[in-house]
Amino acid sequence: MDIEIDHYVVLGLPSEEEGARLSEKEISKAYRLKALELHPDKRPDDPNAHANFQKLKTSYEILKDEKARKLFDDLVRIRKEKIQRQSQQDTKRRKMMSDLEERERAAFAVDPELRAREEEDRIARKLKDEIARIRSMFTNKASSAMPTPTPTPTPQKDTSKSPQRNTGDGGKTVDKGKVLKVSWEKVGEDYSAHRLREIFQGFGEVEDVVIKSSKKKGSALVVMASNDAAVAAVGNVLGSLSNPLLVLPLKPAQTTPIFSCAQDGVEPDEPKLNNLVGAGYQAFEDSVLDKLRKAAQKQK
């Protein structure tokens with residue numbers, strides 16, 4: 001549309017306020033020069049040459065007419081003011097939006113002190129976790145490096161009246177003459193440390209009783225308070241008749257016979273304890289226990 005065209009520009013002249021100050025002669029001169037340039041005879045190969053030349057003539061006719069030119073100048077002025085107004089509004093709008101966004105950011109912004117406290121707490125928690133991890137790692141290493149103690153079975157021992165005995169270079173050893181070796185079969189009544197203490201207290205004070213039992217045979221070491229008490233206990237049938245005790249000195253004297261059981265129908269044995277060692281000592285012990293059982297059966 002013609003109202004959308006800037007006719008000063010079509011003629012190659014400055015527009016807006018500067019174009020409105022041009023004289024009629026300047027407009028006519030500009031038209032003649034432009035007409036020579038855009039005449040269709042000068043542009044035979046341009047398919048738009050006729051339309052462009054007609055557009056040039058129309059713009060010249062509008063600017064040559066005083067009333068039409070004034071209306072066109074007013075239109076250009078109004079359009080320019082409109083553009084300026086829109087530009088100013090856009091600038092204000094942009095400033096308003098910027099101020100609003102700034103206020104929103106300020107309203108929702110995190111307090112710097114609160115942010116600093118949160119950051120401090122976060123770092124402190126991480127440090128605490130790392131310290132716990134390092135401690136756990138060293139604890140695991142220390143526990144894996146320590147050897148696992150192997151539990152050793154301890155013999156059943158009567159602790160009701162067990163004296164302290166020192167062994168080694170700085171203490172005294174137990175007098176073997178006071179120690180009795182007691183054995184019995186695992187049939188009928190079994191013997192505990194307390195029961196053995198009760199039996200041997202009839203011959204004197206008993207210092208200690210240590211049970212050493214197996215599945216088939218029971219045995220114990222009885223420590224008497226004196227050698228005389230140990231000698232007195234040897235040679236007697238002790239315990240239950242259904243399961244009698246065989247009592248032998250741990251360290252027999254050279255001239256002392258093992259025991260005499262003539263009163264129970266058991267003949268005394270000739271060999272001496274100092275001549276019985278190893279398998280011979282075990283065979284002798286088994287034979288005596290067998291004789292004691294036979295004597296107990298006859299007595300019944």
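A few points about this structure:
- Listed by chain and number, the lysines whose C-alpha is less than 23 Å from the C-alpha of residue 25, apart from same-chain residues fewer than 8 away, are 34, 55, 57, 64, 67, 70.
- Modelled FRET efficiency - R0 35 Å, residue 23 with residue 96, Cβ distances, 0.05 increments: 0.15
- Charge sum, other residues only, whose C-beta stays under 15 Å from residue 39's C-beta, Lys/Arg counted +1 and Asp/Glu -1: +2
- Remark: segment 104-117, residue by residue, has Karplus-estimated 3J(HN,Hα) of 5, 4, 5, 5, 9, 6, 7, 4, x, 5, 5, 4, 5, 5 Hz, where x stands for each Gly or Pro and the curve is 6.51 cos²θ - 1.76 cosθ + 1.60 at θ = phi - 60°.
- Amide H contacts of residue 212 (H built 1.01 Å from N, under 5 Å, at least 5 apart or other chain): 219, 220, 221
- Using the average count of surrounding beta-carbon atoms within 10 Å as a protection proxy, the listed peptides 65-77, 220-232 rank, highest first, as 220-232, 65-77.
- Applying 1/(1 + (r/R0)^6) with r as the Cβ-Cβ distance of residue 35 and residue 85 and R0 = 25 angstrom yields a FRET efficiency of 0.10.
- Length released on extending from residue 242 to residue 228, taking residue separation times 0.36 nm less the Cα-Cα span: 2.2 nm
All of the numbers you see were taken from the coordinates with simple rules; none came from a lab. Note that the structure is a prediction, hence the values are computed from the model and not measured. Glycine gets a Cβ as well: all are built from the backbone with ideal geometry, and neighbour counts include every protein chain shown.
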